[in-house]
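The structure appears right after this line, and notes come after that.
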Amino acid sequence: MLRARDAMDRDYARPLDVPALARIAHVSEAHFTRTFRAVFGETPHRYLQRRRVERAMFLLRETDRTVTEICYEVGFGSTGTFSRTFRDIVGRPPRTYRREAVAARVPTCFTMAWTRPGSRPSAD
C-alpha cells in the first residue's frame, strides 16, 4: 500500500488508475481498493484527487499561472472537474481561494499542515 501511495505522491500529475496502482502494490484491484481505504481512510481515487488539489493550492498561492494552466499541470483533464473537485475538498472555488489566500512568511511545515484539506478542527 505504501508503494502505491508513494507513487501517487510522486506522480500525481500522471494518469494513474486502480489497475496500475494495484500492480505497484502487488495485489488484486479489489483487494487494493478495500485495503487502501482501510489503511488510509479514503479511496485511492479520492487520495489522488486530494494530492492534486493540495499541489494546486500551492500553485494558486505562490504563482501567477492561470487556473486553467494549474488544472492541467496537476493532472486534471478538464477545468470543470478541477473546479468542482477543488470546491468539494477546499470549500471554495479555485479563483476565490487564490483571491483570499495570503502567502504568509511562516515555516513551510506549518503552512502545509494548516492548509492541508481536512486538517483543521471542525467548527461543529
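None of the figures in this text is laboratory data; all of them are computed from the coordinates on show. Being a predicted model, the structure only gives us computed values, none of them experimental. Quick reminder, even Gly has a Cβ in these numbers, built from the backbone with ideal geometry, and neighbours come from all protein chains shown.
What to note about this one:
- Point-charge dipole on Cβ atoms (K/R +1, D/E -1) for segment 2-115, about Cα centre, debye to 20: 200
- Compared with the rule-of-thumb size 2.2 N^0.38 Å for a compact globular protein, segment 2-115 has a Cα radius of gyration ratio of 1.13.
- Straightening the chain between residue 45 and residue 2 buys 14.0 nm, computed as 0.36 nm per residue apart minus the Cα-Cα spacing.
- Rough spin-label spacing in nm, given labels placed 7 Å along Cα→Cβ, for residue 100 and residue 116: 2.1
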